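What follows is a single structure, written as structure tokens, with notes after it.
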Amino acid sequence: SSQVEAIAYGPDGILENAKRGALLIDMSSITPQTSVDLAKAAADKGIRVLDAPVSGGEAGAIEAVLSIMVGGEKADFDTARPILEALGRTIVLCGPHGSGQTVKAANQLIVAVNIQACAEAVVFLEKSGVDPAAALDVLNGGLAGSTVLTRKKDNFLNRDFKPGFRIDLHHKDMGIVTDAARNVGAALPVGAVVAQLVASLRAQGDGGLDHSALLRAVERLSGSAS
């Protein structure tokens, strides 16, 4: 949030220098309240704003198949759609300003919990003497299947944690969703535990690894870390 505020406000910021009627599309992942405040400040300057964070990871960006969750006015959304369609496949106006960020926070919650569940399953399978590659194939064909499992399967099996989406960034996002949930009175018991596991990885020097490195946290807890 601080980076967006730094470039939006102040004498050298966007709001002081953009023309009236300009449309600012903010595709960062920040707190919903920051987006709401930015939209209000921009409106005072005659500048339109959309919050439009994305999901799909590095692969989704390269393939231009991102999901883009948008908050703002419908007329501005319609204006921006051709630009957004060059970047993504699923593009949805989720509600007023801040809604895109709220949906992105929910996305990051789901992804983190899903990765954690997959990581626990891998360790359970391996300790039980089951071939994890075969097991993940059949699991991914049923109700347990997910985009996370499809995209992160090889990371788990090969212990390849070259960063696509870093633990450091997911740590930031888990802070956003837990804070936002507290503000609206929503309980996130499982999410809170996963947020702590993400934080523990970061504290142990793994912040630069891909978020599939949650597997390392499970291995350490299970006494099987290499």
(request) Could you tell me which trypsin sites (Lys or Arg not before Pro) in segment 132-170 are loop residues by DSSP with no more than 16 other beta carbons within 10 angstrom of their beta carbon? (result) Arg159
(message) Nearest 5 percent is fine: what portion of the DSSP beta bridges confined to the chain is antiparallel?
(response) 30
(message) If I model the chain as equal point scatterers sitting on the Cα atoms and use the Debye formula, what is log10 I(q)/I(0) at q = 0.07, 0.08, 0.14, 0.17 Å⁻¹?
(response) -0.26, -0.34, -0.91, -1.20
(request) Measure off 7 Å from each Cα along the Cα-to-Cβ vector at Lys162 and Ser224, then give the distance between these two points in nanometres to one decimal. (result) 2.5
(request) Please give every one of the aspartates and glutamates within straight-line cross-link reach of Lys162, meaning a C-alpha to C-alpha distance under 17 Å, and leave out same-chain neighbours fewer than 8 residues apart. (result) Glu58, Asp154, Asp206, Asp210
(message) If I take every Cα pair under 8 Å that is 6 or more residues apart in the chain, average their sequence separation and divide by the length, what percent do I get for the relative contact order?
(response) 17
(message) Within 15 Å, Cβ to Cβ, of Ser29, how many net charges do the neighbouring residues add up to if Lys/Arg are +1 and Asp/Glu are -1?
(response) -4
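Every number in this text was worked out from the coordinates using simple rules, so none of it is lab data. None of the values given here were measured: they were computed from a predicted structure. Ideal geometry is used to build each Cβ from the backbone, glycine not excepted, and the neighbour counts take in all protein chains shown.
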